[in-house]
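Peer 1: The structure under discussion is supplied below as structure tokens; questions concerning it will follow.
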Amino acid sequence: MEETTSREKILKKIRNALISKAENPYPSLDTESSIYNPIEDSLDITFAQEFTKAAGQFIYCENNDELKENLISLISENNWENIYCLDKNIKKTLNDSEIHFSSDESDFSSMEVGITNCEFLIARLGSIMVSSKQTSGRRMNVFPPSHIIFADTSQIVPDIKHALQAIKEKYKNNLPSLISVITGPSRTADIEKTLVMGAHGPKNLFVFLLDKQ
């Protein structure tokens, strides 16, 4: 009986509140303007700064030739042999650079580095938006020990709201089943407050940004 009485009291208050709506005490409150300060630097510089703060490794490339040279150098420095890629355009770049890679399912579990594209780069956060609509799917963003992402300057947007608007415009009424934002390599400090890199995904995260003018 006591529970019923308490429940009825709460419901009565809700009904009364719906009938007698109070006036907005702050009618002039601005809920549309951005809460952030304007971005002062260019979007590519802002992204690079924020991305490196999150322990990401940023490689700027003025053209395709420089991208190929930087990629060959990075692979050589890390002695990577098992490179995995599914994206058609990136495969062409790898073939042109004479970089051996695999896209066979049987080699997936043995990859040392995965190379993918992305949807957008979010300058203010230094974050990368990815989705399940990409050729690489969901697994390539979490499985490789090291993850290389190719992007160009046309994909950089100021804030996350712009990235969400852009992906809605791109896919219209057929949005991806998964839209995710990556900020730096995977990490956790849940265990004894000790920072562990690569706990739930790639330990190393690289962005190759191609200047597309």
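Peer 1: If we keep just the residues of region 6-53 that are part of a helix (DSSP H, G or I) and among the polar types (S, T, N, Q), which is surrounded by the most Cβ atoms within 10 Å (Cβ to Cβ)?
Peer 2: Here the residue is THR46.
Peer 1: Also, quick follow-up: Sort out which residues of region 161-173 are modelled with pLDDT of 95 or more and either among the aliphatic types (A, V, I, L, M) or on the phi > 0 side of the Ramachandran plot (or both), and write them in order of number.
Peer 2: ALA163, LEU164, ALA166, ILE167
Peer 1: Among the numbered criteria (1) under 14 Å from the mean Cα position of the chain (by Cα); (2) more than 22 Å from SER42 (Cβ to Cβ); (3) of a type in the set (A, V, I, L, M), which single criterion is violated by VAL113?
Peer 2: Answer for VAL113: the failing condition is (1).
Peer 1: Here is a further query. Only one of (1) aliphatic (A, V, I, L, M); (2) touching a residue at least 24 places away in the same chain (Cβ under 8 Å); (3) at negative phi fails for ILE14. Which number is that?
Peer 2: Going through (1) aliphatic (A, V, I, L, M); (2) touching a residue at least 24 places away in the same chain (Cβ under 8 Å); (3) at negative phi one by one, ILE14 breaks only (2).
Peer 1: Could you count how many residues in region 30-64 are within 12 Å of VAL207 (Cα to Cα) and of a type in the set (A, V, I, L, M)?
Peer 2: 3
Peer 1: Could you list, in sequence order, the residues of region 58-99 that are under 21 Å from the mean Cα position of the chain (by Cα), within 12 Å of PHE150 (Cα to Cα) and surrounded by 12 or more Cβ atoms within 10 Å (Cβ to Cβ)?
Peer 2: Answer for region 58-99, where residues must be under 21 Å from the mean Cα position of the chain (by Cα), within 12 Å of PHE150 (Cα to Cα) and surrounded by 12 or more Cβ atoms within 10 Å (Cβ to Cβ): PHE58, ILE59, TYR60, CYS61, LEU67, LEU71, CYS85, ASP87, ILE90.
Peer 1: Tell me which of these TYR26 doesn't satisfy, since it passes every other one: (1) modelled with pLDDT under 95; (2) in contact with a Ser or Thr (Cβ under 8 Å, 6 or more places away or on another chain); (3) of a type in the set (Ser, Thr, Tyr).
Peer 2: In the conditions (1) modelled with pLDDT under 95; (2) in contact with a Ser or Thr (Cβ under 8 Å, 6 or more places away or on another chain); (3) of a type in the set (Ser, Thr, Tyr), TYR26 misses (2) alone.
Peer 1: For residues that are assigned to a helix (DSSP H, G or I) and more than 12 Å from the chain's Cα centre (by Cα), scanning just region 120-144, find the one that is surrounded by the most Cβ atoms within 10 Å (Cβ to Cβ).
Peer 2: My answer is MET140.
Peer 1: So HIS147 fits all but one of (1) within 28 Å of GLU66 (Cβ to Cβ); (2) assigned to a helix (DSSP H, G or I); what number is the exception?
Peer 2: (2)
Peer 1: I've got another one for you. Under the condition of being exposed (fewer than 12 other Cβ atoms within 10 Å of the Cβ) and modelled with pLDDT of 75 or more, which residue from region 174-208 is nearest to PHE143 (Cα to Cα)? Break it down into steps so the answer makes sense when it comes.
Peer 2: So the first thing to find is which residues in region 174-208 are exposed (fewer than 12 other Cβ atoms within 10 Å of the Cβ), and the list is 174, 177, 189-195, 200.
Pick out the ones that are also modelled with pLDDT of 75 or more and you get 174, 177.
Working: ASN174: 26, SER177: 19 Å.
Among residues in region 174-208 that are exposed (fewer than 12 other Cβ atoms within 10 Å of the Cβ) and modelled with pLDDT of 75 or more, the one nearest to PHE143 (Cα to Cα) is SER177.
The values are calculated or read from the model by the stated rules, or taken from the named source; none is laboratory data. Keep in mind the model is a prediction, meaning the values are calculated, not measured. Note: ideal-geometry Cβ built from the backbone for every residue, glycine included; neighbour counts use all protein chains shown.
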